[in-house]
């Protein structure tokens, strides 16, 4: 007799009532409101970190160019001078065969824009800049500029 009552309790297929279903949906909505925003900006934080690392790498390559040639590439020559021997402006006499970047290509910033290279720069010998997520000078948050002057 006890076994029958137990089996009848297990086979009860009533499911959730509408109220119970609404409570579950509300709880999930409240949790999503607090948890989702914490993870939504993680990809942008990763892009900012990647831009900083790439700027440091490019700055090191520019310094290696100077060590070999005695001068920094001009703004006109740009970062392209790190992968191809410049043919305009001051021509380097000791340009390293194979260039100064491992991949033989100047990377774009994590948002798909070209890095800006200035030499001379108002802030020092040279400056490498990513204009951030919006691709425009200035901005705040993830749209803020990332400069080699801030990274080093």
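The values are calculated or read from the model by the stated rules, or taken from the named source; none is laboratory data. It should be emphasised that the depicted structure is a prediction, and the values quoted were computed from it without experimental measurement. Every residue, glycine among them, receives a Cβ derived from its backbone with ideal geometry; neighbour counts consider all protein chains shown.
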Within segment 103-116, identify whether any single residue is under 14 Å from residue 66 (Cβ atoms) and within 26 Å of the chain's Cα centre (by Cα), and answer yes or no. no
Would you please name the residue that is modelled with the highest pLDDT, looking only at residues in segment 15-43 that are more than 30 Å from residue 110 (Cα to Cα) and assigned to a loop (DSSP other than H, G, I, E, B)? 17
Of all residues in segment 117-145, count the ones that are buried (at least 17 other Cβ atoms within 10 Å of the Cβ) and in a strand (DSSP E or B). 7
Evaluate the following for residue 76: is it surrounded by 10 or more Cβ atoms within 10 Å (Cβ to Cβ), within 22 Å of residue 115 (Cα to Cα) and modelled with pLDDT under 95? no
Given (1) within 27 Å of residue 139 (Cβ to Cβ); (2) surrounded by 13 or more Cβ atoms within 10 Å (Cβ to Cβ); (3) out of contact with any strand residue (DSSP E or B) (no Cβ under 8 Å at 6 or more places or on another chain), number of the condition residue 112 does not satisfy: (2)
Pick from 68, 105: which is exposed (fewer than 12 other Cβ atoms within 10 Å of the Cβ), out of contact with any strand residue (DSSP E or B) (no Cβ under 8 Å at 6 or more places or on another chain) and in contact (Cβ under 8 Å) with a residue 12 or more places away in the chain? 105
Flag for residue 90 being within 14 Å of residue 119 (Cα to Cα) and surrounded by fewer than 16 Cβ atoms within 10 Å (Cβ to Cβ): yes
Exactly one condition in (1) in contact (Cβ under 8 Å) with a residue 60 or more places away in the chain; (2) within 22 Å of residue 139 (Cβ to Cβ) is not met by residue 62; state its number. (2)
Which of the residues that make up segment 119-141 are touching a residue at least 60 places away in the same chain (Cβ under 8 Å) and over 17 Å from the mean Cα position of the chain (by Cα)? 126
Only one of 56, 114, 97 is touching a helix residue (DSSP H, G or I) at 6+ places or on another chain (Cβ under 8 Å) and not in a strand (DSSP E or B); which? 56
Applying the selection to segment 63-76, what residues are in contact with a helix residue (DSSP H, G or I) (Cβ under 7 Å, 6 or more places away or on another chain) and under 11 Å from residue 126 (Cα atoms)? 72, 73
Which of the residues that make up segment 68-94 are within 18 Å of residue 51 (Cα to Cα) and in a loop (DSSP other than H, G, I, E, B)? 78
